[in-house]
Amino acid sequence: MGDPLKEQAETLAALRQVFDAAGPYLDQLPERLVYDRSAEPLLAELAGPLPMEGEGTQSAVERLLRIGTATATASAGPRFYHFVIGGSTPAALAADWVVSMLDQNAFVRASSRFADSVETAALDWLRELVGLPRGWGGALTASATFANLTGLALATHWWAERHGVDVTSSGLVGLPRMPVLSGGYVHPSARKALQMLGHGKDTVEAYAADDIGHIDLAAVRRRLAELDGAPAVLVATAGEPNAGDFDPLADLAELAETFGAWLHIDGAFGLFAALSPRTAHLTAGIERADSIASDAHKWLNVPYESGFALVREPDRLGPAFGMPGAAYLPGPDDPQGGYGLLGPESSRRARALPIWASLAAYGRNGYRELVERHCDLAAHLAATIDAAPDLERLAEVPLNVVCFRYRPPDLSEPQLDDVNRRLGQALLTDGRVFAGTTVYGGRVALRPAISNWRTTAADLDLFVDIVRELGAKAAAELAE
Ligand SMILES: Cc1ncc(COP(=O)(O)O)c(C=O)c1O
């Protein structure tokens, strides 16, 4: 026990343990609680002292499966509407197992020509899927936050270059503050990327026309004019998580072109609106951006960690992310180079495999249908909410997010906020369905996002029934 060399023969048995657990877990996924609090005591079994002697492969895997299948959040299932979370398609799940089996380092071609080729194909398919022209390139990242970091790092390099500085070698010292302009929808993830790049998260100049966050384009234009030709960065949001709304991308592209600014688009989930002719107007203008961040682990329904950055001038990636100076490493232009030198991470798992497999399995039409089905389901949910006397929809539904609140009669606005906050907590404790709360236009609201391939209208009808049941309880508690 305790030496993997002596346990080689256990490998297939351990994989079979996983395979045997997968059937019941996946079968139950549509019906099981999203989160089962009664299983929580099992989590304590994970802690304890580091074992001196290992318990052996099969025993450790058995324990992990026993605890994991009982305590995992069923966010891969059809009733999880919190955040914006997809499941794993059948092909993506199998391909993710292949990632671990092959255990490639998707660092450079010298570490895996296979992983590099799959990433090149997957990025090109993603580019084509969302309708960007040939010549765009990019890199797969761990998340949309890292994709934002990738795009905004390129923006930083471009901006410093305009000031005559190679920021790669000399950093930000001596440069003025980089002007970053956005509307009110700018996501904390883009701010976090700016913070990691040394600009600070609070330097974003967010021009909102109202307390929802709609962009004040005239104010952005005025500010750009005031900058008088100094380089600036525009951050647009394609799909904000409260109601799935979009900044006017074509208008922002026009401003960027007029004033010579860099346009970065955060389309973590909203970029996928481009897949359907019904919603493609929302993403019109993306081809005029300089950099775009998105997530495949959201609407593409592949496992974590699957962000991606697409950029108009891929040649900018090498100078920004290469690691010159270590004689044993290839350079970014080296035939043995690769994506580990074109993005923020170096050694990386071959996260392209599930993306490639899922796109190969379901194709453009399969994904178009998925996006359209989810938009139809969001419309169905909105109609159900509109028909319910105790529910109030707070926003239009341009995509897959429905923003609404529980609204029994005769409560003041502060009481409604209180009831909806309690309702949000109650949903997470109850566990039959999951949705999160937000504050929309000053009101506490629920914002279910529909992005899992398994979700059906029946799941959403159940969601509404549970919201009304728990909402009534929360209102009664308040009255006590
Ligand atoms: C618009 C937007 N940007 C960025 C993110 C961050 O994504 P990730 O968690 O993959 O970094 C999200 C997450 O929901 C998002 O909605």
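Report yes if residue 303 is under 23 Å from residue 203 (Cα atoms), within 16 Å of the ligand (Cβ to nearest atom) and either of a type in the set (Val, Ile, Thr) or surrounded by fewer than 24 Cβ atoms within 10 Å (Cβ to Cβ) (or both), otherwise no.
Considered against the rule, which asks whether it is under 23 Å from residue 203 (Cα atoms), within 16 Å of the ligand (Cβ to nearest atom) and either of a type in the set (Val, Ile, Thr) or surrounded by fewer than 24 Cβ atoms within 10 Å (Cβ to Cβ) (or both), residue 303 comes out as no.
Taking the conditions exactly as written (within 16 Å of the ligand (Cβ to nearest atom) and open to solvent by less than 40 Å² (accessible area, probe 1.4 Å)), does residue 321 satisfy them or not?
Values: within 16 Å of the ligand (Cβ to nearest atom): no; open to solvent by less than 40 Å² (accessible area, probe 1.4 Å): yes.
It is false that residue 321 is within 16 Å of the ligand (Cβ to nearest atom) and open to solvent by less than 40 Å² (accessible area, probe 1.4 Å).
Do we find that residue 139 is hydrophobic (A, V, I, L, M, F, W, C), over 23 Å from residue 252 (Cβ atoms), within 15 Å of the ligand (Cβ to nearest atom) and in contact (Cβ under 8 Å) with a residue 24 or more places away in the chain in this structure? Step through it out loud before you land on a result.
Values: hydrophobic (A, V, I, L, M, F, W, C): yes; over 23 Å from residue 252 (Cβ atoms): yes; within 15 Å of the ligand (Cβ to nearest atom): yes; in contact (Cβ under 8 Å) with a residue 24 or more places away in the chain: yes.
So residue 139 passes the test.
What number goes with the only condition from (1) under 22 Å from residue 306 (Cα atoms); (2) within 16 Å of the ligand (Cβ to nearest atom) that residue 212 does not pass?
Among (1) under 22 Å from residue 306 (Cα atoms); (2) within 16 Å of the ligand (Cβ to nearest atom), residue 212 violates only (1).
Could you count how many residues in region 439-465 are of a type in the set (Val, Ile, Thr) and surrounded by fewer than 17 Cβ atoms within 10 Å (Cβ to Cβ)?
2
For region 341-354, state whether one or more residues are in contact with a Gly (Cβ under 8 Å, 6 or more places away or on another chain) and either within 13 Å of the ligand (Cβ to nearest atom) or part of a helix (DSSP H, G or I) (or both).
Yes, some residue in region 341-354 is in contact with a Gly (Cβ under 8 Å, 6 or more places away or on another chain) and either within 13 Å of the ligand (Cβ to nearest atom) or part of a helix (DSSP H, G or I) (or both).
Test residue 276 against the stated conditions and say whether it is in contact with a Cys (Cβ under 9 Å, 6 or more places away or on another chain), at pLDDT 95 or above and within 30 Å of residue 362 (Cα to Cα).
yes
Given the residues 168, 150, which is the only one that is modelled with pLDDT under 95 and either touching a Pro at 6+ places or on another chain (Cβ under 8 Å) or within 16 Å of the ligand (Cβ to nearest atom) (or both)?
Values: 150 fails: modelled with pLDDT under 95.
Criteria check complete, one pass: 168.
What number of residues within region 319-345 are touching a residue at least 60 places away in the same chain (Cβ under 8 Å) and among the aromatic types (Phe, Trp, Tyr)?
Adding up the residues that qualify gives 2.
Considering only residues that are open to solvent by less than 40 Å² (accessible area, probe 1.4 Å) and either under 21 Å from residue 475 (Cβ atoms) or part of a loop (DSSP other than H, G, I, E, B) (or both), which ones fall in region 399-415?
399, 400, 402, 403, 404, 405, 406, 408
In the list 100, 117, 88, 143, which residue meets the criterion of being open to solvent by 20 Å² or more (accessible area, probe 1.4 Å) and either touching a Gly at 6+ places or on another chain (Cβ under 8 Å) or at pLDDT below 95 (or both)?
Working: 100 fails: either touching a Gly at 6+ places or on another chain (Cβ under 8 Å) or at pLDDT below 95 (or both); 117 fails: either touching a Gly at 6+ places or on another chain (Cβ under 8 Å) or at pLDDT below 95 (or both); 88 fails: either touching a Gly at 6+ places or on another chain (Cβ under 8 Å) or at pLDDT below 95 (or both).
Criteria check complete, one pass: 143.
The values are calculated or read from the model by the stated rules, or taken from the named source; none is laboratory data. All values reported here derive from a predicted model rather than from experimental measurement. No Cβ is skipped: glycine too gets one built from the backbone with ideal geometry, and neighbour counts run over all protein chains shown. With ligands, DNA and RNA removed, areas are computed over all heavy atoms of the protein, side chains included. Shrake-Rupley method; radii C 1.70, N 1.55, O 1.52, S 1.80 Å.
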